[in-house]
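Enquirer: Dumping the structure here so I can ask a few things about it.
The values are calculated or read from the model by the stated rules, or taken from the named source; none is laboratory data. Note that this is a predicted model, so its numbers are computed, not measured. Cβ placement follows ideal geometry from the backbone for every residue including glycine, while neighbour counts extend to all protein chains displayed. The area values use the complete protein model at the heavy-atom level, side chains included, leaving out ligands, DNA and RNA. Shrake-Rupley method; radii C 1.70, N 1.55, O 1.52, S 1.80 Å.
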Amino acid sequence: MLPGLAAAAAAHRCSWSSLCRLRLRCRAAARVSSERQEWQNLMMFGNVSNMVPNSQPCFCTLSQVKLYSTNVQKEGQGSQTLRVEKVPSFDEAAENIGAELKAPLIKQEPLQVRVKAVLKKREYGPKYTQNNFITGVRAINEFCLKSSDLEQLRKIRRRSPHEDTESFTVYLRSDVEAKSLEVWGSPEALAREKKLRKEAEIEYRERLFRNQKILREYRDFLGNTKPRSRMTSVFFKGPGKVVMVAICINGLNCFFKFLAWIYTGSASMFSEAVHSLSDTCNQGLLAVGISKSVQTPDPTHPYGFSNMRYIASLISGVGIFMMGAGLSWYHGIMGLLNPQPMESLLWAYCILAGSLVSEGATLLVAVNELRRSARAKGISFYKYVMESRDPSTNVILLEDTAAVLGVIIAATCMGLTSITGNPLYDSLGSLGVGTLLGVVSAFLIYTNTEALLGRSIQPEQVQRLTELLENDPSVRAIHDVKATDLGLGKVRFKAEVDFDGRVVTRSYLEKQDFDQMLQEIQEVKTSEELETFMLKHGENIIDTLGAEVDRLEKELKKRNPEVRHVDLEIL
C-alpha cells in the first residue's frame, strides 16, 4: 500500500508544481510587457519619472500547501526510510521571480536624452524697419530734423553705392524715428510739420519760377552776356557742326529753288524746292534733338536724353515722307493729268547747278564725319551707317545723297522737256524725286525705330564683356547677359552673376586676424553666443560680396569706356 500512496503523492506534486510554474510564467510575462510599455512611454515623452512603476503587480495569495513525498532507499535489508520535502508556496515563488526581474532593471545605466538646440524663429512682420539705414538728407527731409539733432545719434560708415565717394555716413531708421518723436512730441505733430513744409516747398518753387522768368526778361532787355554753354558748343564740332552746315545750305537752296519754280512753273523744280524745304525743317528738328540729348540726367530721366537724337531722326524721316515725297508725288500726278507749257529753263539750270555744288559739299562733310566716327568705333563705314550709330549725321548723309540724286533726276527730266517740248518728262521727274524721298524716309524710320526699341551691341563686344567677368576667380557663371545701346556711344550692361561663395569668404578671411577669430570661436558655449558670432561675420561677408560687385563694375567700365551703366544681379 505504501508504494501506491507514494506514487499518488508524487503525481499530485508534479501536477501542482506544473500549474504553479505556468501561472508564474504568465504573470511574469504580463509584468515584463507592462514595464516595456512604460519604457516606450519614457522614450516617447522624455518623462524620467515614468521609470519607477506606480503600482506593483497583484498576485493572488494561496494558502501554503505542504507536499510530502516518499523516497524509498535501501539502508539495509528489509528497511525503508520516509523523507519529507517542503515545497515553497506560490507567494514565495512569485516574490523570488519578481526580485530576479527587478534586479537587471535597477542595474541598468541611466538614460541620456540629447535635446536639439533650435534657434527661435523671429516674426518680423510685413513692415520691418528696425535695422534699416537712411542717409542724413532723408532724415532731415522726411523726419523734419536738423543737422544738430543727428549729431547725438549713432553714426555708421557704409560702403557707398556711388562711384565718386568711397563711403558715407548713415543712421539707423529706428534712432531717427525715436529722435523725431522726441523733438516733435507725437506722430500727429510730425505729420502737421511735414504738411507745412510741403506747402512751403511748393510756394518756394512758384516764387523761383517767377524770379527766373523776371531774370530772363531782364537779360533779354539788357543783353545776355552769359558765357557760352555746353548746349551751344555742341554745334561747333561733330554731328552738330554737320547739322548746322546743312541747315544753312539747304535754307539757301530752298529759297532759290522756289524762285526758279515761280519763274518757270516746272514740276521738277517744285519737287526740288519742296525737297530742300523738308530737308531744312528736318535738320532744324535734328538740331533740337542734339541740344536736348546733351542735357544732364535728372530724376525723371535717370539714363539721360541721348535717345532724343533717334526720336528727332524718326520724326525727320516721317516728315520727309509726308512733306517731301507726298507733295512731290502730288505735283507730279497733277502735271501728268494737266500738263502746262513751261517758260525758259535757263535760270532753273543755273540754280540746279549751284544746288548740286552746295549739296555735294554738305554730303562731303557728312561722309568725312561718319568715316571718322566709324574709324573710332573700329567698324566699317557701311556697317556704321546701316546700324545708325550716329543718327543725326546719318540723316544728313541720306538727305544730301537724295538731294544730289534728286538734282540729277530733275535736271535730266527738265533737259528732256526742253529738247522735246513735252512737259510729261518734267512730271515724271517730279515722281522720281518723290520716290527717292520715300525710300530715304523708309530707311530712316526703320533704322531709328530699331534703335529706340533697345538694340543690342555687337556680339564681339558682348563676348568680350562676358569673358572679362568669367575670368574673374569670384565668378562661377554668367547668365542672362543683356548689353543695350543707349545711343551716343553709351552702353548699358546687365547680367545675372553666380558668385563663388568660397572665394568671397576667403577674400573676407584674408583681412581678418585668425588668432582673434579662433579665440572667439572657443568662447562660444551657448546657442545665443553662436548666433551672435554668425550674425557678426555673416554681415561682414555680405559687405564683402557687395565690394566684389563694385570691383567688377569698375573693371568693366575701365576696360570698356562705352559701358556707362552696369547692373550685376547676384544669382
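Enquirer: Please give me the summed charge of the neighbours of Leu363: other residues whose Cβ is under 14 Å from its Cβ, Lys and Arg +1, Asp and Glu -1.
Expert: -4
Enquirer: Could you please state how large a percent of the accessible area of the range 462-569 is carbon and sulfur, counting protein chains only and using a 1.4 Å probe?
Expert: Numbers: 3320 of 6420 Å².
Here it works out to 52 percent.
Enquirer: Compute the signed sum of charges (Lys and Arg +1, Asp and Glu -1) over the other residues within less than 12 Å, Cβ to Cβ, of Leu571.
Expert: -4
Enquirer: FRET efficiency for Val439 and His479, Cβ-Cβ distance as r, R0 = 60 Å, nearest 0.05? Working shown, then result.
Expert: Numbers: r = 42 Å, r/R0 = 0.70.
The calculated FRET efficiency here is 0.90.
Enquirer: Could you list the square roots of 5 times each eigenvalue of the Cα gyration tensor of the range 382-530, that is, the equivalent ellipsoid semi-axes, sorted largest first and rounded to whole Å?
Expert: Numbers: eigenvalues 958, 29, 20 Å².
Equivalent-ellipsoid dimensions as semi-axes: 69, 12, 10 Å.
Enquirer: Now a separate question. Can you give the extra length, in nm with one decimal, that the chain gains between Leu468 and Gln512 once fully stretched, where that is 0.36 nm per residue apart less the Cα-Cα distance? It would help to have the intermediate numbers written out before the result.
Expert: Details: separation 44, 0.36 × 44 = 15.84 nm, distance 2.84 nm.
Separation in residues times 0.36 nm, less the Cα-Cα distance, equals 13.0 nm.
Enquirer: Return one quarter of the surface area of the convex hull spanned by the alpha-carbon atoms of the range 238-453, equal to its mean projected area, in nm².
Expert: On the way: hull surface 47.4 nm².
For the range 238-453, averaging the hull's shadow over all directions gives 11.9 nm².
Enquirer: A further question on this structure: Per-residue HN-Hα couplings for the range 261-270, Karplus 6.51 cos²θ - 1.76 cosθ + 1.60 at θ = phi - 60°, whole Hz, x for Gly and Pro?
Expert: 5, 5, 6, 9, x, 6, 5, 5, 5, 5
Enquirer: If you don't mind, another one. Taking the Cβ-Cβ separation of Ile202 and Tyr349 as r and a Förster radius of 56 Å, what is the calculated FRET efficiency to the nearest 0.05?
Expert: Numbers: r = 65 Å, r/R0 = 1.16.
After rounding to 0.05, the efficiency reads 0.30.
Enquirer: Can you list the HN-Hα couplings for the range 373-381, worked out from phi with the Karplus curve (6.51, -1.76, 1.60; θ = phi - 60°), rounded to whole Hz and with x for Gly and Pro?
Expert: Result, ordered by residue: 5, 5, 5, 5, 7, x, 10, 6, 4 Hz.
Enquirer: What are the ³J(HN,Hα) couplings of the range 167-172, residue after residue, when phi is run through the Karplus curve with 6.51, -1.76, 1.60 and θ = phi - 60°? Round to Hz, x for glycine and proline.
Expert: The phi angles translate into 8, 8, 8, 10, 10, 5 Hz.
Enquirer: Averaged over all directions, how much area does the convex hull of the C-alpha atoms of the range 128-213 cover when projected, in nm²?
Expert: Over all viewing directions, the range 128-213 projects a mean Cα-hull area of 7.7 nm².
Enquirer: Let me ask you something else. List the GluC sites (Glu not before Pro) within the range 442-518 that DSSP assigns to loop and that have no more than 14 neighbouring Cβ atoms inside 10 Å. Don't jump to the answer; show the numbers that get you there.
Expert: Working: sites: Glu450, Glu460, Glu467, Glu470, Glu496, Glu510; in loops: Glu510.
Hits after loop and neighbour filter: Glu510.
Enquirer: Compute the projected area of the convex hull of the Cα atoms of the range 241-316, averaged over all viewing directions, and report it in nm² to one decimal place.
Expert: Values: hull surface 22.1 nm².
Dividing the Cα hull surface by four gives the mean projection, 5.5 nm².
Enquirer: For the pair Ile333 and Asn132, how long in nm is the line joining their label points, each one 7 Å along Cα→Cβ?
Expert: 6.4
Enquirer: While we're here: Roughly what % of Cα-Cα distances in the range 274-329 sit above 16 Å, to the whole percent?
Expert: Working: 718 of 1540 pairs.
Tail of P(r) above 16 Å: 47 percent of Cα pairs.
Enquirer: Cα convex hull of the range 459-570: how many Å³ per residue? Please report the intermediate quantities before stating the final value.
Expert: Values: hull volume 11.5 nm³, N = 112.
Residue-normalised Cα hull volume stands at 103 Å³.
Enquirer: Around Phe499, which amide H atoms from residues at least 5 apart in sequence, or from another chain, sit under 5 Å from its own amide H, with H modelled in the peptide plane?
Expert: Here the answer is Arg476, Leu571, since their amide H atoms fall under 5 Å of that of Phe499.
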